[in-house]
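Report on the structure given below.
The values are calculated or read from the model by the stated rules, or taken from the named source; none is laboratory data. Since the structure is predicted, the reported quantities are computational estimates derived from the model, not experimental observations. In this analysis, Cβ positions are derived from the backbone assuming ideal geometry, glycine residues included, and neighbour counts consider all displayed protein chains.
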Amino acid sequence: MIIGDDIGGTKIAVAGFAGDERDRLTRITEVRTLPTPSRAGGPAVVSVVVQAVREVRGLSSVVSVEAVEAVGVGTAGVVDPGGSITSATDAISGWVGFALREALADALEAPVAVVNDVHAAGIAEAEQGAGRGAGGILMVAVGTGVGGAVVLPDGLRRGVTGTAGSVGHMELSLPPQLAERRCPCGGVGHVEAVASGPGLEQTYLEESGGFLPLREVHAAATRGDALAERIILDGARYLGRALANANAALDVGTIVVGGGVAEVGESYVAEVRRSYREAAMPGPSRAHVVPAELGIDAALTGAALLGAALVERSRETPTQPPA
């Protein structure tokens with residue numbers, strides 16, 4: 001069994017997968033979801049993951065309880081190549097600096113791979129979702145933040161520090177009323193500050209004088225509220241311009257747009273696509289801009305694919321003959 005694990009600020013989701021190759025990896029258990037002990041620190045998070053893995057083992061009728069070959073994890077926060085959290089919001093206390101891969105490997109007594117949750121979602125969309133067969137994608141997830149992932153034919157590009165694909169922290173030329181808005185990272189002029197769910201809610205508050213959660217802003221837009229519609233589509237335009245900037249360097253052929261904000265409807269993705277093509281260089285402007293396919297399961301599936309890659313590598317490594 002391969003374990004996939006998605007660690008978020010409010011919940012931890014774990015499921016068991018099986019398959020002799022990554023392209024045939026399938027989920028064989030129900031998803032077990034437990035609350036994240038977000039105020040109790042890294043060791044408490046590991047304890048909940050271990051509990052969830054034990055429960056998932058018991059759910060499987062396909063393999064024995066002991067047969068966990070590897071664990072893949074997609075988690076909130078920036079993850080360095082060694083599997084430690086190097087930066088994060090305060091959604092999980094004590095998360096920054098926590099050696100997550102090492103702690104889980106010790107607790108589970110199995111090989112563990114850890115990446116950022118959007119990186120995990122990008123792996124899943126590239127291999128089993130909207131980017132399958134594309135030969136490389138740029139994925140962007142627009143929700144509470146704006147995260148990204150670059151997945152090329154030979155795999156995920158993490159970057160030296162684990163921040164590759166951070167589209168949300170690209171600077172844009174913004175209207176004066178938005179140009180100085182501070183991003184959660186501390187910077188100004190970043191696309192996350194104006195295109196994320198909280199960014200759109202903030203803009204609606206500033207322009208209407210009343211706060212609405214994003215789902216209600218979208219509902220107002222569908223009822224014909226011109227202000228609500230403009231704010232959502234402006235967010236899509238800012239995102240499209242940021243993606244054009246990013247793909248000038250990457251030149252991938254497919255851009256996958258996911259996350260809770262992108263799920264407001266096809267008009268949102270269509271506006272991202274239009275804005276992207278308007279701002280992109282002639283060559284990259286031909287990239288396909290498509291909606292994500294895997295939804296909330298993307299990070300969990302990508303995590304499992306990471307675990308499967310660990311198993312594949314272990315099988316490819318020749319054993320040393322006895323001395």
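Structure notes:
- For the range 189-239, the candidate set comprises residues that are touching a Phe, Trp or Tyr at 6+ places or on another chain (Cβ under 7 Å) and touching a residue at least 40 places away in the same chain (Cβ under 8 Å); within that set, the residue that is nearest to Ser275 (Cα to Cα) is Ala236.
- Ala219 satisfies every condition listed in (1) among the hydrophobic types (A, V, I, L, M, F, W, C); (2) closer than 22 Å to Ala270 by Cβ; (3) exposed (fewer than 14 other Cβ atoms within 10 Å of the Cβ) except (3).
- Filter result (surrounded by fewer than 20 Cβ atoms within 10 Å (Cβ to Cβ) and outside any strand (DSSP E or B)) within the range 149-166: Pro153, Asp154, Arg158, Gly159, Val160, Thr161, Thr163, Ala164
- Filtered by the rule that a residue be acidic (Asp, Glu) and surrounded by fewer than 24 Cβ atoms within 10 Å (Cβ to Cβ), the range 96-125 gives Glu102, Asp106, Glu109.
- Some residue of the range 126-148 being surrounded by fewer than 24 Cβ atoms within 10 Å (Cβ to Cβ), in contact (Cβ under 8 Å) with a residue 60 or more places away in the chain, over 17 Å from Ala236 (Cβ atoms) and among the acidic types (Asp, Glu): yes
- A residue that is modelled with pLDDT under 90 and under 30 Å from Gly133 (Cα atoms) can be found somewhere in the range 57-64.
- Note on the range 244-287: residues that are within 21 Å of the chain's Cα centre (by Cα) and either more than 22 Å from Leu200 (Cβ to Cβ) or among the polar types (S, T, N, Q) (or both) total 9.
- Residue satisfying all of: in the range 124-162; touching a Ser or Thr at 6+ places or on another chain (Cβ under 8 Å) and β-branched (Val, Ile, Thr); farthest from Gly253 (Cα to Cα) among these: Thr144
- Residue within the range 272-294 that is in a helix (DSSP H, G or I), touching a residue at least 12 places away in the same chain (Cβ under 8 Å), among the acidic types (Asp, Glu) and within 29 Å of Arg27 (Cα to Cα) present: no
- Ile92 being buried (at least 23 other Cβ atoms within 10 Å of the Cβ), in contact with a Phe, Trp or Tyr (Cβ under 9 Å, 6 or more places away or on another chain) and not in a strand (DSSP E or B): yes
- No other residue among Ala220, Ala236 is part of a helix (DSSP H, G or I) and either under 21 Å from the mean Cα position of the chain (by Cα) or closer than 17 Å to His169 by Cβ (or both) apart from Ala236.
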